[in-house]
Amino acid sequence: MQAQTHLLCVAPMMDRTDRHLRYLLRLIAPHARLYTEMITAKALLHGDAERLLRFDGAEHPVALQLGGSEPDELAEAARLGVAAGYDEINLNVGCPSDRVRAGCFGAALMLERDRVADCVRAMRTAVRVPVTVKTRLGVDHHDSYEFVRDFVGTVAAAGCDTFIVHARKAWLSGLSPKENREIPPLDYPRVHRLKREFPESTIVINGGFVTLEDSVAQLAHVDGVMLGRAAYQDSWLLARIDAHVFGGDPVAEPDVLAAFERYVAGELARGTPLRSMTRHLLGMRCGRAGGRRWRRYLSELGDGAPGLERLRSLVRTLDGGAGLSAA
Ligand SMILES: Cc1cc2nc3c(=O)[nH]c(=O)nc-3n(C[C@H](O)[C@H](O)[C@H](O)COP(=O)(O)O)c2cc1C
């Protein structure tokens, strides 16, 4: 079944949410909305777009996150994304990494809300799928409620009806990207206030959710919750939230592993290195008996058909029937 909403989303994460992880996450969380890693518009226009955009049909609903600040380039990149089959185009206005700052996009764009509005307008004209924005509460000393309210107001007027808000501001210099995900304090009430002030907009809250209870409690205030690190580090948390939000039981671990093993075998036959897929299994037994052994075996699998055979026997040695709800 394809979720039509943003109730539960998995965050875009560079070097994490590639197509292999997204395939695995889809097995774990059948209804969650998935996001790609950020891909710059320039990379799509001048690079190997087919490779960058490749995804499996099972991933739907899946959003392509773009980085950029030139309306024409973003419009063209969005067009490529929709032609490839993506369900949503998301603009990154929240990432404070050096690379992003140098290109004057990501979080720095919060300072240029009219430009963001132009970008959204151009993308909206180019494609029919929703164009959404992922942003922060502010940047540097531009951290008042009024600042983010005016940003959302301006961009909403340009046709963006969904905002994913990482509930902290970003410092554009002085902090590493990792520190920028930890040091500026979280302010959930401010995101709730945005929802009250923009009731017509879909507001998705992001930042710091690590339990089922805290994640689903947000749904009383906003339209959706997005998990990043916790979804990667503890995949079963995501399974439990998906089941809680959408109903049913969490998917069974043996079923997930068997299906992913089939996917890995198919990809391996097409030349995809084993490790680029199995690295995403490391979080699957987080905090559970045998977790350390699981991670050690995974890192020692090797590659090719022998590696796949070792993966198969590793999966067979697990206490398979335990099920995810016990995690
Ligand atoms: C390794 C890593 C890579 C990230 N890459 C992106 C990215 O490409 N685009 C983006 O908008 N945010 C990116 N983020 C930020 C996440 O999307 C999310 O906003 C942040 O991690 C806070 O959510 P969390 O506390 O649930 O992890 C990244 C975060 C991590 C940990």
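Structure above, values below:
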| read-out | value |
| --- | --- |
| Out of VAL191, VAL210, VAL152, VAL127, sole residue that is in contact (Cβ under 8 Å) with a residue 24 or more places away in the chain, surrounded by 15 or more Cβ atoms within 10 Å (Cβ to Cβ) and within 15 Å of the ligand (Cβ to nearest atom) | VAL191 |
| Wholly enclosed helices (runs of 4 or more DSSP H) of region 18-79 bearing at least 3 residues within 22 Å of SER97 (Cα to Cα) | 41-46 |
| Members of region 161-179 found to be out of contact with any Leu (no Cβ under 8 Å at 6 or more places or on another chain) and surrounded by 23 or more Cβ atoms within 10 Å (Cβ to Cβ), listed by number | ILE164, ALA170 |
| Answer from LEU237, LEU281 - the residue that is within 19 Å of ASP15 (Cβ to Cβ) and outside any loop (DSSP other than H, G, I, E, B) | LEU281 |
| Residues of region 1-17 satisfying the condition of being more than 11 Å from the ligand (Cβ to nearest atom) and part of a loop (DSSP other than H, G, I, E, B) | MET1, GLN2, ALA3, GLN4, THR5, HIS6, LEU7 |
| Residues (free of Cβ contacts under 8 Å to residues at least 60 places away in the same chain, within 11 Å of the ligand (Cβ to nearest atom) and at negative phi) located in region 194-207 | ILE205 |
| Candidates GLY287, GLY266, filtered to the one that is surrounded by fewer than 16 Cβ atoms within 10 Å (Cβ to Cβ), free of Cβ contacts under 8 Å to residues at least 12 places away in the same chain, out of contact with any Cys (no Cβ under 7 Å at 6 or more places or on another chain) and farther than 30 Å from CYS160 by Cβ | GLY266 |
| Residue tally, condition more than 13 Å from the ligand (Cβ to nearest atom) and out of contact with any helix residue (DSSP H, G or I) (no Cβ under 7 Å at 6 or more places or on another chain), over region 34-44 | 0 |
| Residue match in region 81-97 (condition: surrounded by fewer than 19 Cβ atoms within 10 Å (Cβ to Cβ), within 15 Å of the ligand (Cβ to nearest atom) and in contact (Cβ under 8 Å) with a residue 60 or more places away in the chain) | yes |
| Some residue of region 45-60 being surrounded by 23 or more Cβ atoms within 10 Å (Cβ to Cβ) and either within 16 Å of the ligand (Cβ to nearest atom) or without any contact (Cβ under 8 Å) to a residue 12 or more places away in the chain (or both) | no |
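Each value in this text was obtained by applying a stated rule to the coordinates, not by laboratory testing. Given the structure is predicted, the values throughout are model-derived calculations rather than measurements. Reconstructed Cβ throughout: ideal geometry from the backbone, glycine too, with neighbour counts over all protein chains shown.
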